[in-house]
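Worksheet for the structure shown next.
Just so it is clear, none of the values below were taken in a lab; they were calculated from the coordinates. Remember, predicted model here, so these are calculated numbers, not experimental data. Ideal geometry is used to build each Cβ from the backbone, glycine not excepted, and the neighbour counts take in all protein chains shown.
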Amino acid sequence: MVVDTLYTGGSIRTFDPEHPWAGALGVTGDRISYVGPADGAPAARRTVDLAGRLLTPGVADTHNHLLLGFDDLAVSLDQVTSLDTVRARIAEFAERHPDLEWICAENALYSVVEGRRPRADDLIGVTDRPVFITTYDQHSVWLNRPALAKLGILDGGDIAWGNPERDHRTGEPTGWVTDFYTSAMTIAGLAELQRNIPMYSPDRRYRKITNSLDMAARFGLTTVVEPQVPLAELDLFDRAEREGRLTSRTIAAIYHPVGADGDFRTRITEAIRETPQHDRFALGPVKLYADDVIEPHTAAMLADYANRPGHRGHPSLEPSEFERLFVELDRLGYQVHTHATGDWGVRMTLDAIAAAQRTNGRLDTRHGIVHVECLAPEDLHRFLDLGVVAAMQPRHASPDLVAGTWMENVGESRWDRAWRFRSMIESGARVTFSSDWQVGEMDPLVGVYSAMTRAGLDGTVAWTARERVGLDATLRAYTLGGAEAFHREHALGMLRPGYLADLVVWSGDLYDMEPAEILDHRADLTVVGGHAIHDDHGELDGVAAAASVQDPAGAGQTCTEPSADHHCHDHAG
């Protein structure tokens, strides 16, 4: 036997329980053709010397908002902690872009104004043009007074893409809009955004997808799941496939809006039937919301928020109605992934899955619950019992992100319910780790570090340390765990002869490092179906990576963008 490419000279972690480690790996065509000892390796037309580096299965980022990647005509407010800096950045951007009708900005922190939510009046004097700002989790929007006037909110009007907050004394709009992300993905919400907010034009949304996919290749992601695509935007992925921009395998989950009826579900079925299933593109699960998010007190909690007595948030649907919807989707054969952050939201979803199994019978559907930020102890075992996948994001548990708003809202007495990675894995449940880009950094090594340390990126504070996870279990959740979540473990997620040759060569042997050292490393080579989609040193196809620019959210990692002034980054649904 002669293989096309032989990888040898380093550590090869296969995640194949029969042969967990190997000294060499051969690829022929798009498949793995040899896994075994280096001294028994076949001849090869080309050899890649790992030089002591680690080779693993490619990363499956099972919750990556390609559609939310950074906009090249928007202000980045990532990690900005002061209102003065927000004002300065927006003013400077507005001055540089006098032609823009709207000034759009992204990734504002809830805590940028101490002690309260931001308001329209906080932006007075910055610009006389309307300003539209999304929060870092995409669940809220901050508007200035010209924007309130332009959208008719100032005169008492409503919008289809969120719920404008009003002062409880005066009735005047504050400039804050809640429930944005769930409303923005409805047919009416998206249509209104596309009509009024330039950042939501199809061309700008397409650029977000392709920029995000370029980053995915550089970070070692061989499979990416876009977790909620409106039916109206499926054509953007078809365009990316036609234009050869789907470098990583891409699974698109279809967003099911709250209140959508049987006609909408018929449209989902027709979309699945009519959308060509390409080698690198497939329609995946249906996406639901059980609740919203903890930071603005809109996630559904079993007990009152610690700092808002009498308030427990709210589910996205009344529980019995949510259960009926879930049972119907299960009956139709859909895999369902449900956003649930609060412990009540998680329990409501588990109850709905149990009802579906009682009504329809239990199949290997692998319904998923996404985020699982706050989990009641008595619900932990139910993930394994019901066959539910826990789709979790290690970076979300970092104290530099959740200190303040999240911790204060939940209260210290419930911190032991937060992001229970280790408990979930030890329970035997299926667990997949992901980035939630662009809420968190896309770089999976940031997530690996976060899972292993439960610390901020500066390493100084570990929070809820009992839920830390070792490197091997973490990498498994990013690779085989992702394949299992979408029934692909028979072709992906392991390095085994006959499997698709999706793999990544890291810049060092992660198993020989302390967690903090991992942040200094990267993906040197990303391979999908035997072909390099990222080749930092020109080792496989003779094409080195393009020049890179700093990722402001990547803790020293880099990202490549088509222009020097394009920024890149890194809790959405």
* Structure fact -> For the stretch 9-57, the Cα convex hull volume per residue in Å³ comes to 77 Å³
* Asked: What residue among Ala491, Leu380, Ser320 has its Cα farthest toward the positive end of the dipole of the chain, where the charges are +1 on Lys, Arg and -1 on Asp, Glu, each on the Cβ?
  -> Ser320
* Structure fact -> Computed over the chain, the convex hull of the Cα set has an average projected area, in nm², of 25.0 nm²
* **Spin-label pair Leu83/Asp304, simplified geometry with 7 Å Cα→Cβ offset, distance in nm** => 2.8 nm
* Return the inverse of the average 1/r over all pairs of distinct C-alpha atoms in the stretch 376-515, which is the Kirkwood hydrodynamic radius, in Å to one decimal. => 16.0 Å
* Along its principal axes, what span do the Cα atoms of the stretch 161-307 show, with the longest given first and each in whole Å? -> 56, 37, 35
* Structure fact -> Taking 93-103, 207-217 and ranking on average Cβ neighbours within 10 Å, highest first, one gets 207-217, 93-103
* Structure fact -> Rounded to the nearest 5, the percent of DSSP beta bridges in the chain running antiparallel is 50 percent
* Structure fact -> Taking N as the residue count of the stretch 433-536, its alpha carbon Rg divided by 2.2 N^0.38 Å gives 1.13
* To do: Consider just the alpha-carbon atoms of the stretch 426-467 and return their Rg together with their Dmax, both in angstrom.
  => 11.5, 32
* Structure fact -> Given backbone amide H placed at 1.01 Å from N, residues whose amide H is under 5 Å from that of Asp509, ignoring those fewer than 5 places away on the same chain, are Leu54
* **Ranking of Ser423, Ser434 by count of other Cβ atoms within 10 Å, fewest first** => Ser423, Ser434
* Asked: Taking 0.36 nm per residue of separation and subtracting the Cα-Cα distance, what length does fully extending Ser507 through Arg46 add?
  -> 164.0 nm
* Structure fact -> When Asp84, Asp292, Asp122, Asp416 are arranged by how many other beta-carbons sit within 10 Å of their Cβ, fewest first, they go Asp84, Asp416, Asp122, Asp292
* Asked: Just from the alpha-carbon atoms, what are the Rg and Dmax of the stretch 232-282 in angstroms?
  -> 12.2, 36
* Structure fact -> Going residue by residue through the stretch 99-108, the Karplus relation 6.51 cos²θ - 1.76 cosθ + 1.60 with θ = phi - 60° gives ³J(HN,Hα) values, rounded to whole Hz and with x marking Gly or Pro, of 7, 7, 6, 10, 9, 9, 9, 10, 6, 5
* Sorted by packing (mean other beta-carbon atoms within 10 Å per residue), highest first, where do 126-132, 509-515, 343-349 land? -> 343-349, 126-132, 509-515
* Asked: In debye, nearest 20: dipole of the stretch 1-111 around its Cα centre with unit charges on the Cβ of K, R (+) and D, E (-)?
  -> 540 debye
* Asked: Working out 0.36 nm times the residue gap between Glu18 and Glu114, then minus their Cα-Cα distance, what length gain in nm do you get to one decimal?
  -> 29.1 nm
* Taking every pair of alpha-carbon atoms in the stretch 496-542, what share in percent sits in each 5 Å bin, from 0 to the bin with the longest distance? -> 5, 21, 24, 17, 18, 11, 3, 0
* Structure fact -> Projecting the Cα atoms of Val402, Ala473, Ala391 onto the charge dipole of the stretch 376-486, where Lys and Arg contribute +1 and Asp and Glu -1 at Cβ, the residue farthest towards the positive end is Ala473
* Length gained when the stretch Arg166-Ala38 is fully extended (0.36 nm per residue, less Cα-Cα span) -> 39.3 nm
* To do: Output the peptides 358-367, 26-35, 317-326 sorted from most to least packed, where packing is the average of other Cβ atoms within 10 Å over each peptide's residues.
  => 26-35, 317-326, 358-367
* All Cα pairs of the stretch 41-85, percent lying beyond 12 Å -> 81 percent
* Structure fact -> The answer for the per residue Cα convex hull volume of the stretch 80-183, in Å³, is 96 Å³
* To do: With unit charges on the beta carbon (Lys/Arg positive, Asp/Glu negative), name the residue among Ala44, Ser423, Gly189 whose Cα is farthest towards the positive pole of the charge dipole of the chain.
  => Ser423
* Could you state the principal axis extents of the C-alpha atoms in the stretch 225-354, from the largest down, to the nearest angstrom? -> 53, 29, 22
* **Order of Cys104, Cys374 under a 10 Å beta carbon neighbour criterion, fewest first** => Cys104, Cys374
* Which whole-number percent of Cα pairs in the stretch 129-202 have a distance greater than 13 Å? -> 64 percent
* Separation of alpha-carbon centers, the stretch 1-32 and the stretch 510-537, rounded to whole Å -> 16 Å
